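Asks: Below is a structure I'd like to ask you about.
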Amino acid sequence: NPSPSSQGLNMYTWQEIQRHNQETDQWLVINRKVYDVTGWADRHPGGHQVLNHYAGEDATDVFRAIHPDPDIVRLYLKPLLIGELAPEEPNQERNKNVSEVSGLKSMQRDEDELYFRVSLSFSVVNQPSCLGGPAIA
């Protein structure tokens, strides 16, 4: 069982965190804070794959690489916070190589471009008159 910290947050060991590494049960560690991202994975703008990949692990490095402005995501992280890494537990940042982080950024760019194209196509089909053409009934 986790013990509460001075801030009232539960303290977790790596052994406990690493049990939460399934699609239906996902915890991440970011800057020694423990987040339950299970319900968030399908809504994650960067796709659920990256959360699945790091479930049960320290995602600090990749988080910093993908989210250069943490203030933007802080609002989303707050309700997912369930605790902290126990003080006696070591950091376990994976120091992923640059090519993996670049691959994740590339995957996110590809998804963003696809979303833009689908949205644009949808807009053109449903409102062609905005482009000066006849409306399709």
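Since every read-out is calculated from the coordinates, none of them should be taken as a lab result. Computed from a predicted model, the values in this text were never measured in an experiment. Ideal geometry is used to build each Cβ from the backbone, glycine not excepted, and the neighbour counts take in all protein chains shown.
Asks: Scan segment 3-61 residue by residue and report those that are polar (S, T, N, Q) and crowded, with 17+ Cβ neighbours inside 10 Å.
Replies: Hits for segment 3-61 are Gln26, Thr38, Thr60.
Asks: Quick one: in segment 62-83, of everything that is within 13 Å of the chain's Cα centre (by Cα) and buried (at least 17 other Cβ atoms within 10 Å of the Cβ), which residue is farthest from Asn10 (Cα to Cα)?
Replies: Step by step, filter segment 62-83, then rank; the result is Val62.
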